[in-house]
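Have a look at the structure below before the remarks.
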Amino acid sequence: MPTRILGIESSCDETAAAIVADGRDILSSVVASQLDIHRKYGGVVPELASREHLRQIVPVVREALLQAGLTFADIDAVGVTQGPGLVGSLLVGLTYGKVLAEEMGKPLIPVNHLEGHVHAVFLEAHIAGRVPALPAICLIVSGGHTLLYHVQSANENVGAAARGFRFRRLGGTRDDAAGEAYDKVARLLALGYPGGPIIDQIATKVAASGVAFSARDKDELKFSPVKIRGNAHDFSFSGIKTAVLYYVRAHPEFAEEIEARKKAMQQGLRKAAELMPLCSPRTLALISNFQAAVVHDLVARTLAAAEETGSRTVLVSGGVAANSELRKRFEEKAARLDVDVFFPSRALSTDNAAMIAAAAYSHLLAGDLASPDMNAEPNLRLA
Ligand code: KG4
Ligand code: ZN
């Protein structure tokens, strides 16, 4: 009989539940997004997030069971995100998970959300019939994090999906997370929230359309590479964001189109195809160059870390891992360096509970269960 774990995730603005068998087969995965609630504020409002988790948690768990064709009696353990994240949001999933596990008389396993993101890559690789070789360099890149880890197997004797990991932190962002920079630039340019997907789509369309920018736009809008003193594995994205801000402020002609896009969004227009016609060629150049600078930096620092540590595998996870240019550039550059790059699908890149259930499985095998006084850890670290 496979071991079936119910995973629960509520660390930020997604209420999610999933059932995963033996840490690798996803029997169901349900995600209730709160995007529509937070959109008008241009970011996640913690109070609204916890209230929404409270409304969603019971139906989402019920739906996960329904989709898997299972009942509570079929569940062997409950895995729940302990942190990092918003404390009020974490508490909803954690409290519900505790009560469920106790009622069912089943083990409760606390999971680090970041470790979940690493397992998301393994879940995806399993679907493709592949197993990422370790040691690896892992880039976790989302709205809340931009982190680089060296990942080793904690136990070579168990199967890949069940394998626990040992993490060594190499570096992380000193200011904004990459996804946060996308969201802030999108807000500044009136492109809606979240910023990542819309900037990604517009930049892709620009590249495909072969729009030729004027020499002036191309040069003026080029962002210089991010300079970091000290640890070369650290990141910094606030400089690029501020450069965009200053550029827009210094050129008053942007104001009119920004107003036009704001109006369009008030009327419900949100898609790239709808907002792109309201962008001047200069704005399109700005968007493309911003994305190119962020992607270049993420790829270069990650591959440099792989080279330095002699790792032949790179794992990329978190919301920004869904970015098409990031995937393309990683694949191009990694192939030249003979490094294998693994990404989760878009659905497994962003927050979900399947990755939490998968991570919980390795802890269950290791006998690593929740203590009675286990609590939410908003600043939980991986290493
Ligand atoms: O992992 P996630 O769902 O939540 C956090 O833990 O933050 O990531 C959300 C972040 C947002 O900042 C969003 O703008 C970004 O991921 N994102 C993207 C893309 N899709 C989502 N960034 C760049 N390109 C994308 N396609
Ligand atoms: Zn996340």
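The values are calculated or read from the model by the stated rules, or taken from the named source; none is laboratory data. Please read all numbers here as calculations on a predicted model, not as lab measurements. Cβ coordinates were reconstructed from backbone atoms using ideal geometry, including for glycine residues, and neighbour counts include every protein chain displayed.
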Practice task
Find all pairs meeting these conditions: Cβ atoms under 6 angstrom apart; at least six residues apart or on different chains; first residue within the stretch 256-278 and of a type in the set (Val, Ile, Thr); second residue surrounded by 15 or more Cβ atoms within 10 Å (Cβ to Cβ).
Solution key: 258/190
Handout entry: Candidate set: the stretch 324-365, residues that are surrounded by fewer than 24 Cβ atoms within 10 Å (Cβ to Cβ) and within 14 Å of ligand 2 (Cβ to nearest atom); chosen: the one farthest from residue 26 (Cα to Cα)
Key = 346
Handout entry: the stretch 324-383: number of residues that are free of Cβ contacts under 8 Å to residues at least 40 places away in the same chain, touching a Phe, Trp or Tyr at 6+ places or on another chain (Cβ under 8 Å) and more than 15 Å from residue 303 (Cβ to Cβ)
Key = 0
Problem - Checklist (1) in a helix (DSSP H, G or I); (2) in contact with a strand residue (DSSP E or B) (Cβ under 8 Å, 6 or more places away or on another chain); (3) not hydroxyl-bearing (Ser, Thr, Tyr) applied to residue 30, failing item - result: (1)
Exercise for the section: Run down 253, 257 and say which single residue is surrounded by fewer than 18 Cβ atoms within 10 Å (Cβ to Cβ), modelled with pLDDT under 95 and either of a type outside the set (S, T, N, Q) or within 30 Å of residue 305 (Cβ to Cβ) (or both). Expected result: 253
Fill in the blank from the handout: Going through (1) at pLDDT 95 or above; (2) in contact with a Gly (Cβ under 9 Å, 6 or more places away or on another chain); (3) more than 16 Å from residue 376 (Cα to Cα) one by one, residue 161 fails only at (1)
Exercise for the section: Look at residue 114 and say whether it is buried (at least 17 other Cβ atoms within 10 Å of the Cβ), away from ligand 1 (no atom under 16 Å from the Cβ) and in contact (Cβ under 8 Å) with a residue 24 or more places away in the chain. Expected result: no
Completion exercise
Checked pairs for the stretch 189-205, first free of Cβ contacts under 8 Å to residues at least 24 places away in the same chain, second within 8 Å of ligand 1 (Cβ to nearest atom) and aliphatic (A, V, I, L, M), C-beta under 6 Å and 6 or more apart or across chains, list as 195/186
